[in-house]
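Worksheet for the structure shown next.
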Amino acid sequence: MMNIQIATQQNGRLNGGGMLFSIFRSTLFLAPFLFLTVCNSASAANLLFKSDFSKATIEPVYKCGSGTSGGPGVSAVASQCYQKISGGGFPVKFPGWGDIVMSEFQMLSYEYYGITPNTASNYFKNEIQTVTGPDGNPVKALYSWKNTAGQQGYNYGFTQEGGDLYHRFWIKYPSTLPSDFRWTSIFEWKAQSGYRFTTYIYPKSGGGYYYHVQVDNNTLNGTLQKYYTKDDTTAPVPLGRWVLVETWTHRSHGSDGRLAVAINGKIIGDYRGPNYGVGDKRLDRLAVVKNYGTDLNYEWVYGIEDWDAIPCGTFPCGNSATGATVNHSRKASIRNAPALAQPIKGHVHHRPR
């Protein structure tokens, strides 16, 4: 079988598919044993990080201490502990994003003082478990459990912002949530100034749950400023089932800025315009695991990917009907990144809204 790629040059750039084949995005059958694969601009996406947890190991909790407090809507952190993942692609290495200053769980309790590495398992637990995956087959997934009001986030921290970021993962919650459930966070990144892009799940007044997407700026000594809010009541929430979460970040001071999030291929929030906020600061941390809130106790996460462009060409890449992933078999480069540095300490985390 022969694979042939056709591209044309336009305005000094190569465009896959050419004029004749621009409407096709799949393999075309031409003759026996001859196939023509039409490429497109999605091939420019570089894979920055990927893990399915199949070879990952959770390391022991290695450090605990007191937390911080302050600012509007901020709860005091009674205790905070740290825990790493090794192997299976970890620690995270984003090429072009400077030194990695954090690649670990930051586990915060708003209730209990004096948590130590020896007692942390009474309040927080992270495991690699074999579970039924999104396609019905066994997979290795990250299981995250907590028994305290607070949060348990696996955070990526960097010393410089490396450009656009496409981020995706599968997540699953328990089949039922507590009757007094109030909120939980499913995704978040923050800039140094407190500028934040986040997504919550809230209960509906008449039963069920919905997504709330928010872009805001919560400076520690100022008033919460909201730039964008959007509710979605129709996208499936991950109760007892896997859902695919995709986010797209293109930061800009102009009208071309975009912060978007999709669930199972459906866009539930899409903020367009300037997105640097107060202080004009760089993005410095991304949380892929956000077991955050007072009510949700555990979750599973699987299939994390990060790219420097949208790998399928147009956001989102998932299928809205099934949540199926796109084919990432195209070649993508992974470059070397700087060595791991010391973890960030004492982040202050805000209550939603």
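Brief remarks on what is shown
- Computed with the Debye formula from one identical point scatterer per Cα of region 127-262, without solvent, the log10 of I(q)/I(0) at q = 0.09, 0.14, 0.19, 0.22 Å⁻¹ comes to -0.32, -0.79, -1.38, -1.60.
- Region 167-197 versus region 225-281: alpha-carbon centroid distance in Å: 12 Å
- Here r is the Cβ-Cβ distance between Ser255 and Ser205 and R0 is 41 Å; the resulting FRET efficiency, rounded to 0.05, is 0.70.
- Expressed as a fraction of 2.2 N^0.38 Å, the C-alpha radius of gyration for region 44-307 is 0.96.
- Pairs of Lys residues in region 108-264 are counted when their Cα atoms are under 28 angstrom apart and they lie 8 or more places apart or on different chains; the count is 16.
- Ranked by the mean number of other Cβ atoms within 10 Å per residue, highest first, peptides 130-136, 261-267, 84-90 order as 261-267, 84-90, 130-136.
- Relative contact order (%) - region 44-307, alpha-carbon pairs under 8 angstrom, separation at least six: 24 percent
- In the calculated pair-distance distribution of region 237-283, the portion above 13 angstrom amounts to 61 percent of the Cα-Cα pairs.
- Counting only residues at least eight positions apart within a chain, or on another chain, the aspartates and glutamates with an alpha carbon under 14 Å from that of Lys63 are Glu104.
Read-outs: derived from the displayed coordinates by stated rules, not from any lab. None of the values given here were measured: they were computed from a predicted structure. Heads up, the Cβs are rebuilt from the backbone with ideal geometry, glycines too, and the neighbour counts pull from every protein chain shown.
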